[in-house]
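The structure appears right after this line, and notes come after that.
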Amino acid sequence: MGPGLPASADHQQWGATNLRGQAGVRDLGAVEITAPLQLPDTGYVVDQRRGDTPRNRLLEDWYYYSWTSHILRPADRTYAVRTADGKYAVLRSLGYYCPGGRPGCVAFRYRYRGDGGREMAGLEAAGRLSNGAERTATPLRIDR
């Protein structure tokens, strides 16, 4: 695996299928990922083990599937993610197809707070995180 990623034997030490990991996901619905967000501190769904594979029921429905065209397209959902070490991120799927229409190139947009804060400032036009002190929009509070 790449740098910073645990080997498969170590996955259980950080995932929610063990006692040490507190990682979880919460479906925020059709919230725009670029909006200022105040992420909730509760209501995150942790993964469960199915056989020898950890799965999270919220992430199993990230797409819509067309039975007539056999094409996947991302569901209109943004997910709040709580990492095993108590940090927060938001994640939104953008697609599943490679250039030329080949399947298997998963693309997503995410925002990460490495300091453990739950407030995600709005994105500036250039796509960078705003500095927080000069934020002009009020964060959207997610209480569902």
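Brief remarks on what is shown
- Counted as qualifying within the range 65-108 are the strands (runs of 3 or more DSSP E) with 2 or more residues that are of a type in the set (V, I, T) and surrounded by 17 or more Cβ atoms within 10 Å (Cβ to Cβ), namely 78-82.
- Qualifying residue in the range 43-52 (condition: under 13 Å from the mean Cα position of the chain (by Cα) and hydroxyl-bearing (S, T, Y)): yes
Where a number appears in this text, it was derived from the coordinates with a stated rule and is not lab data. Please read all numbers here as calculations on a predicted model, not as lab measurements. Here the Cβ is made from the backbone with ideal geometry for all residues, glycine too, and neighbour counts use every protein chain on show.
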